[in-house]
Amino acid sequence: HVFHVSQLRNYIRDPRQVVEMDEVQVRENLTYEKRLVVMVNHKLKELRGKSISLVRIVWDAAIGEVTWEVESQFKE
C-alpha cells in the first residue's frame with residue numbers, strides 16, 4: 001500500500017470523521033515518560049561467557065508495541 005501526498009487534494013472533509021487522541025503529559029523539555037504495561041517473558045542470553053538477563057516488555061497494548069530490554073534497567 002502506497003500513500004501519495006497528491007491524494008490529499010482529493011479528500012472531502014467529513015466532520016463525522018474525528019480521530020480521538022489520547023492525552024499525553026509532555027514536560028517542559030518536550031519529553032515524556034513511557035510506562036510499561038506488563039512484562040510478558042524472561043530469557044537469559046549468553047554472549048562469550050557473559051550472561052545478560054532480558055525481559056520482554058509490552059509498552060502499549062493498543063498498538064502492540066513490544067521490546068526486549070535489559071532486566072537490570074527495570075530493577076532500578
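Packing around the peptides 38-45, 51-58, 3-10, 15-22, taken as the average count of other Cβ atoms within 10 Å per residue, puts them in this order, highest first: 51-58, 38-45, 3-10, 15-22. Close amide H partners of V37, meaning residues 5 or more places away or on another chain with modelled amide H under 5 Å apart, are V58, W59.
Rule-based calculations on the coordinates, nothing more; no lab input. What you are looking at is a predicted structure, and each value in this text was computed from that prediction instead of being measured. Here the Cβ is made from the backbone with ideal geometry for all residues, glycine too, and neighbour counts use every protein chain on show.
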